[in-house]
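Report on the following structure.
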Amino acid sequence: MSEQFDVVVVGGGPGGYVCAIRAAQLGLKVACVEKRGALGGTCLNVGCIPSKALLHASHMYEAAAHHVGDLGVEVAGVTLNLPKMMAHKDKVVTDNTGGIEFLFKKNKVTYVKGAGRITAPGAIEVTGEQPQTLTTKNIVIATGSDVTPLPGVQIDEESIVSSTGALKLASVPKTLIVIGAGVIGLELGSVWRRLGAEVTVVEFLDYILPPMDGEVRKQAQRTLSKQGLNFLLGHKVTGAAKTNEGVALTVEPAAGGDAQTLTADVVLVAIGRRPYTEGLGLESVGLSTNARGFIEVDHDYQTKAQGVFAIGDVIGGQMLAHKAEEEGVAVAELIAGQSGHVNYGAIPSVVYTSPEIAMVGKTEEQLKAEGVAYKVGKFPFTANGRARANADTEGFVKVLADAKTDRVLGCHIIGPQAGDLLQEVVVAMEFGASSEDVARSSHAHPQLGEAIKEAMLAVDKRPLHI
Ligand code: FAD
Ligand code: NAI
């Protein structure tokens, strides 16, 4: 007789592992099935964490080579030790994924290594390292997402890479073409540009970073171009051929027109991610995916099959680790009979370029389209004392508030440590704060966060330092 669980989570990424821990905290008997041989999912293994390790290390390299001299710190003979940088990244990954195993033990979550397949309501067959059949009252699907392929451009993870290959190139390519000016394209494009590659980003749309506020997008393009990223906007890649020198890409104007050939040592395909449900056995409980491959759920993350829930990238929405984590907590609480809930209006989104780009809530374009009357407050980092002291003044804070109620509806930052700075606005929005509430909160001096206070004051046209 196999062990009976209250919850079996399929997938050990940020959605799945957090769900497992929260469910165990609530006294449920929980197992988490993961097939990649390590916990942490895309995020810890081939996503958020390794990319941030390389972003930080490459930023330090560029600063040492080109920028700290401006502050009177003269460093001679800066050289790149790429294997050591990669070893740092790899160690961060294994330390973090090992940390999740420790958390599982601490919370008494059973970690089952192998691929999980739903075979009947409440039954999961595991193949691989620890083959067995698990029986459970509830199943939570958290199988995440995978790279969206581009027809005609075959990824080999050597000269034509996805983000996974771009995180472990053995040498710095002389030339790199990135397909897609989204988050991955700009983050990993920045890494390799800083390390010495000539990077060209080909984007289908006429602008970069589609979901961001228009003003921020424009500023981001200006800043990243100044740093040396080349952009070919309004173009699509229609084919790739491997040559002795590298890769030849066929590129056409998105609106139609003559094709041209671009060549590069390495090509990074970064045109989005798609839900991953391969081999999951959805059909055994009468489930299928929708036209875009996502599993559909109701407000309580319940699929159409009784006792089968789904969370994270596989259900769509913002494909972000912290969004998956919030859903993991919510579904665990709902299964335990509590009232889990996620406020999708206050999920932050951060692009870890330099400067960082961060947003929460509505963009100005969205408010216009929805016919919402709003006020704007803006403040540039050039007028912030700490940013000047740090010689890091690129960018601005932009706040959008309801014209009648003054409630904060959105905040958009491009600038130093934008991601961390944004967090106070996320909390403010979670509590339904007005711009006046934030503007009247004392902000320590000299801090970059004073730019947030000033932008909030600017909503009422009374900034103090500009
Ligand atoms: P995943 O993390 O994809 O985890 C799903 C897990 O399920 C995987 O480990 C998979 O092996 C496992 N699995 C699948 N099927 C089965 C099965 N049948 N049996 C057993 N196991 C299975 N997000 C951020 O918020 N911030 C960032 O900075 C950030 N950076 C990123 C950088 C890159 C390069 C990439 C690719 C993504 C990044 N993301 C970032 C997105 C983030 O990684 C995802 O949104 C997040 O990992 C989604 O979590 P998840 O739990 O839904 O799925
Ligand atoms: P993305 O959706 O952010 O950007 C894809 C870009 O490719 C878009 O600008 C799109 O217009 C463009 N595109 C699509 N098809 C194209 C084509 N045929 N030719 C040229 N351009 C094309 O996707 P990306 O960058 O792959 O990232 C996937 C997801 O991973 C993100 O949406 C995000 O959810 C997550 N992520 C989050 C990070 C963060 O939070 N810092 C970092 C990296 C990834």
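The values are calculated or read from the model by the stated rules, or taken from the named source; none is laboratory data. Keep in mind that this is a model prediction, so the values were computed, not measured. As a convention, Cβ positions derive from the backbone with ideal geometry for all residues, glycine included, and neighbour counts pool all protein chains shown.
Checking the stated criteria, L422 turns out to be within 16 Å of ligand 1 (Cβ to nearest atom), over 30 Å from G307 (Cβ atoms) and surrounded by 14 or more Cβ atoms within 10 Å (Cβ to Cβ). May I ask you to verify whether I184 is surrounded by fewer than 20 Cβ atoms within 10 Å (Cβ to Cβ), touching a residue at least 60 places away in the same chain (Cβ under 8 Å) and touching a Ser or Thr at 6+ places or on another chain (Cβ under 9 Å)? So I184 does not fit the description; no. From the list V161, V201, the one residue that fits, being free of Cβ contacts under 8 Å to residues at least 40 places away in the same chain and closer than 26 Å to L82 by Cα, is V201.
Considering only segment 257-276, state which residues are over 28 Å from the mean Cα position of the chain (by Cα) and either modelled with pLDDT under 95 or part of a strand (DSSP E or B) (or both).
So the first thing to find is which residues in segment 257-276 are over 28 Å from the mean Cα position of the chain (by Cα), and the list is 257-263.
Once the filter is applied, which keeps residues that are over 28 Å from the mean Cα position of the chain (by Cα) and either modelled with pLDDT under 95 or part of a strand (DSSP E or B) (or both), segment 257-276 yields Q260, T261, L262, T263.
Scanning for something assigned by the TED database to the domain that holds D313 and within 16 Å of ligand 2 (Cβ to nearest atom), does segment 110-127 turn up at least one residue? Scanning segment 110-127, I find no residue that is assigned by the TED database to the domain that holds D313 and within 16 Å of ligand 2 (Cβ to nearest atom), so the answer is no.
Looking across segment 177-196, the residues that are of a type in the set (A, V, I, L, M, F, W, C), within 10 Å of ligand 2 (Cβ to nearest atom) and closer than 19 Å to E252 by Cα come down to V178, I179, A181.
The residues in segment 162-179 that are surrounded by 14 or more Cβ atoms within 10 Å (Cβ to Cβ) and in contact with a helix residue (DSSP H, G or I) (Cβ under 9 Å, 6 or more places away or on another chain) can be counted, and the count is 12.
Of all residues in segment 73-112, those satisfying the criterion of being surrounded by fewer than 18 Cβ atoms within 10 Å (Cβ to Cβ) and among the basic types (K, R) are K84, K91, K105, K106, K108.
Scanning segment 282-300 for residues that are touching a residue at least 24 places away in the same chain (Cβ under 8 Å) and closer than 27 Å to G337 by Cα returns L282, S284, V285, I295, D300. Looking at E436 and the list (1) within 28 Å of the chain's Cα centre (by Cα); (2) not in a loop (DSSP other than H, G, I, E, B), which single condition is not satisfied? Every condition holds for E436 apart from (1). The helices (runs of 4 or more DSSP H) found entirely in segment 308-408 that carry 2 or more residues being over 30 Å from T277 (Cβ atoms) are 364-370, 385-389. Within segment 72-121, being of a type in the set (D, E) and within 30 Å of V7 (Cα to Cα) holds for D95, E101. Annotation: of all residues in segment 29-77 being charged (D, E, K, R) and assigned to a helix (DSSP H, G or I), the one that is farthest from ligand 2 (Cβ to nearest atom) is D70.
Among the residues that make up segment 281-288, is at least one of them under 24 Å from the mean Cα position of the chain (by Cα) and exposed (fewer than 15 other Cβ atoms within 10 Å of the Cβ)? Looking for residues that are under 24 Å from the mean Cα position of the chain (by Cα) and exposed (fewer than 15 other Cβ atoms within 10 Å of the Cβ), one finds none in segment 281-288, hence no. Within segment 56-91, the set of residues being β-branched (V, I, T) and either closer than 23 Å to A387 by Cα or in the same structural domain as R193 (by the TED database) (or both) comprises V68, V73, V75.
Within segment 401-419, if we keep just the residues that are over 14 Å from A358 (Cβ atoms) and in contact with a helix residue (DSSP H, G or I) (Cβ under 7 Å, 6 or more places away or on another chain), the residue that is surrounded by the fewest Cβ atoms within 10 Å (Cβ to Cβ) turns out to be D406.
The residue that is surrounded by the most Cβ atoms within 10 Å (Cβ to Cβ), counting only those in segment 301-336 that are in contact (Cβ under 8 Å) with a residue 24 or more places away in the chain and acidic (D, E), is D313.
Within the option set A53, A57, being within 12 Å of ligand 1 (Cβ to nearest atom) and either touching a strand residue (DSSP E or B) at 6+ places or on another chain (Cβ under 7 Å) or more than 28 Å from L280 (Cβ to Cβ) (or both) holds for one residue only, A53.
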